[in-house]
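The values are calculated or read from the model by the stated rules, or taken from the named source; none is laboratory data. Owing to the predicted nature of the structure, the values given are computational and were not obtained by experimental measurement. When we count neighbours, we look across all protein chains shown, and the Cβ atoms used for this are built from the backbone with ideal geometry, even at glycine.
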Amino acid sequence: MKSLFFVVLCSLISFACLSQKVTDEERVMGLSAKKWVWMIKKNYDSLESLLHDRVTYIHSNGWSQNKKEFIEDLKSGKLVMKSAEISTQNAQIFSQTAIVNGMIKISGEVNGTPFSTELIFNEGYIKEKGKWLLVSRLATKINK
């Protein structure tokens, strides 16, 4: 009797896990959020694996960077992320392309000068070999 109960319990747990399949929208929004955590925690390997080799990363001040420039500025300390709090975020999937939009409050330092700002952002991802990669990012300051 105990073994039957165990089999039924395992079956129910397996079914519950399978029914909680992560959607592509959830996956890219998760990657978008993790990107900020990786910048704050200086987890450059994870960040580099998310960025497409041809990414264009445009900051709210108009500063445009490619992958190499962006990673180098983080590693050198020219750009230091201290905090990031996403207030809204949504994603749309179009075949092998995803668009993520949202609002975020960030703080950090640029060239040793502290900053804190609220942004709206737009990120484009493509799916290559089953993996979502950031190919385009644009942020704009929210004026209040």
Among the candidates 102, 130, 112, 77, single out the residue that is closer than 18 Å to residue 23 by Cβ and surrounded by fewer than 16 Cβ atoms within 10 Å (Cβ to Cβ).
-> 130
Which one of these does residue 143 not meet: (1) touching a strand residue (DSSP E or B) at 6+ places or on another chain (Cβ under 6 Å); (2) more than 23 Å from residue 45 (Cα to Cα)?
-> (1)
Considering residues that are at pLDDT 95 or above and either crowded, with 17+ Cβ neighbours inside 10 Å or within 16 Å of the chain's Cα centre (by Cα) (or both), the number found within the range 60-72 is 4
How many residues of the range 19-57 are part of a helix (DSSP H, G or I) and basic (Lys, Arg)? The answer is 3
Being within 17 Å of residue 32 (Cβ to Cβ) and free of Cβ contacts under 8 Å to residues at least 60 places away in the same chain is the filter here, so list the residues in the range 50-73 that pass it.
-> 67, 70
Starting from the range 104-120, keep only residues that are touching a residue at least 24 places away in the same chain (Cβ under 8 Å), then list their pairs with residues that are surrounded by 14 or more Cβ atoms within 10 Å (Cβ to Cβ) and among the basic types (Lys, Arg) whose Cβ atoms are within a distance under 9 Å, requiring at least 6 positions of separation or different chains.
-> 117/105; 118/105; 119/105
With (1) over 22 Å from residue 41 (Cα atoms); (2) surrounded by 13 or more Cβ atoms within 10 Å (Cβ to Cβ); (3) within 14 Å of the chain's Cα centre (by Cα); (4) not charged (D, E, K, R) as the list, and residue 90 as the residue in question, which single condition is left unmet?
-> (2)
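One residue is enough: does the range 88-105 have a residue meeting the conditions of a type in the set (Ser, Thr, Tyr) and closer than 19 Å to residue 39 by Cα?
No, because not a single residue in the range 88-105 is of a type in the set (Ser, Thr, Tyr) and closer than 19 Å to residue 39 by Cα.
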